[in-house]
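The next block holds one structure in the form of structure tokens; read it before the comments.
Every read-out reported here was derived from the displayed coordinates using simple, explicitly stated rules and does not represent laboratory data. Keep in mind it's a predicted model, so treat the numbers as computed, not measured. Here the Cβ positions follow ideal geometry from the backbone for every residue, glycine too, while neighbour counts run over all protein chains shown.
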Amino acid sequence: MDLAVQIQGIGYPILCIHGHPGTSDSMSLFTENLSKKFQTIAPDLRGYGRSQTRQNFTMADHLADLEQLLNRLKVSQCLILGWSLGGILAMEFALSHPNCVSGLILVATAARPLGNHPPVTLQDNFFTGIASIFNRLQPGQKWIVETFGRRSLYRYLLQQHTTHAYTRLAHEGMDAYLRTSSAANRALTLALKARYDRLSELHHIQCPCLVLAGEADRHITALSSLETAQHLANSQWRCYPNVAHLFPWEIPDQVLGDIDRWITAHPEVIGTMR
């Protein structure tokens with residue numbers, strides 16, 4: 001499938017892969033910063049955003065789509081940044097195309113993703129719907145956060161209910177949710193039922209890896225991210241306190257700064273010799 005894609009900047013290519021639900025717009029926090037020095041390539045995965053389909057597909061189709069995208073753009077090697085599901089796809093791509101991947105930045109993800117999310121109640125869904133509607137109309141307003149946001153499912157996605165995080169939720173999170181197809185939901189459900197686990201294969205990934213986690217992540221726990229980092233041959237792990245699955249929107253400056261410093265410390269991930 002020819003994926004819709006946003007390309008920004010010039011220089012060494014960085015493939016930015018969104019999560020579920022998500023679109024290329026969901027990665028704008030990263031692409032806005034990285035495109036100042038590099039070329040960022042942010043696709044809408046099959047079944048998401050502008051890459052819509054009604055046909056059933058599997059996770060393997062995402063990998064074939066990404067390979068086709070890089071071939072179309074004549075990109076022979078790149079650094080990959082993946083958030084959540086995007087991180088899983090990044091690791092899979094590195095396993096199947098090792099010569100194409102110079103490095104991995106893995107955000108809130110794991111090769112054996114484990115969660116501890118409590119059961120969702122009707123009240124959770126009610127407050128999440130109300131919070132989303134009001135927040136879309138008036139992004140980041142304190143009364144919305146305090147009255148509805150903290151009582152909604154956002155309390156499991158965020159620990160720091162900041163104006164910046166709720167503005168991102170309004171403009172990027174809600175669009176991503178509304179533009180995620182039923183086919184994409186089915187594909188992810190099938191993958192989760194199969195109890196995805198690639199820990200035993202991670203030693204094959206030899207490129208430098210940066211693994212970032214949120215201490216209070218209930219969707220993919222920090223411990224499962226640590227487990228992934230420990231199985232990678234060349235990794236650095238960072239766990240941020242008092243943040244959850246959407247921690248790049250909670251502490252953006254800290255996350256972007258750590259990514260910039262890691263790239264500087266590992267010039268080989270951008271095709272530069274030490």
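So between K142 and R218, what do we pick up on full extension, going 0.36 nm a residue minus the alpha carbon distance?
Full extension from K142 to R218 adds 25.0 nm.
Averaged over every viewing direction, what's the projected area of the C-alpha convex hull for region 122-177? Give it in nm², one decimal, please.
3.2
Please compute the volume of the convex hull spanned by the alpha-carbon atoms of region 175-274 and report it per residue in Å³.
146
For a quick check, take a GNM of the chain with Cα springs below 10 Å and name the residue from N71, N242, N185 with the largest mean-square fluctuation.
Greatest mean-square fluctuation among the candidates belongs to N71.
Work out the FRET efficiency for R112 and N185 from their Cβ-Cβ distance, taking R0 = 22 Å, and round it to the nearest 0.05.
Computed FRET efficiency for R112 and N185: 0.55.
List the trypsin sites (Lys or Arg not before Pro) in region 5-86 that DSSP assigns to loop (not H, G, I, E or B) and whose Cβ has at most 10 other Cβ atoms within 10 Å. Which are they?
R54, K74
Which FRET efficiency value, to the nearest 0.05, is calculated for Y196 and Q52 with the Förster distance at 22 angstrom and r the Cβ-Cβ distance?
0.35
Listing D260, D2, D61 from the residue with the fewest other Cβ atoms within 10 Å to the one with the most, what is the order?
Result, fewest neighbours first: D2, D260, D61.
First obtain the Kirkwood hydrodynamic radius of region 139-216 from its Cα pairs, then insert it into the Stokes-Einstein equation at 10 °C and 1.306 mPa s, and state the resulting D in µm² per second as a whole number.
Diffusion coefficient, whole number: 100 µm²/s.
Along its principal axes, what span do the Cα atoms of the chain show, with the longest given first and each in whole Å?
Sorted from largest, the Cα extents of the chain read 52, 40, 36 Å.
For K36, which aspartates and glutamates qualify as cross-link partners when the Cα separation must be under 12 Å and same-chain residues fewer than eight apart are set aside?
Straight-distance partners of K36: D260.
I'd like the FRET efficiency for E32 and I7, computed as 1/(1 + (r/R0)^6) with the beta carbon distance as r and R0 of 22 Å, rounded to 0.05.
The value I calculate is 0.95.
Report ³J(HN,Hα) in whole Hz for each residue of region 159-169, in order, from the Karplus equation J = 6.51 cos²θ - 1.76 cosθ + 1.60 where θ = phi - 60°; Gly and Pro get x.
Those phi angles translate into 10, 9, 7, 8, 4, 4, 5, 6, 5, 5, 4 Hz.
Quick one: Debye curve from the C-alpha atoms of region 37-166, no solvent, what's log10 I(q)/I(0) at q = 0.19 Å⁻¹?
Log-scaled intensity ratios, in q order: -1.09.
Can you compute the helix-only [θ] at 222 nm over the chain? Use -39500 (n - 2.57) per DSSP H run of at least 4 residues, normalise by all residues, nearest 500 deg cm²/dmol.
Value at 222 nm, helices only: -11500 deg cm²/dmol.
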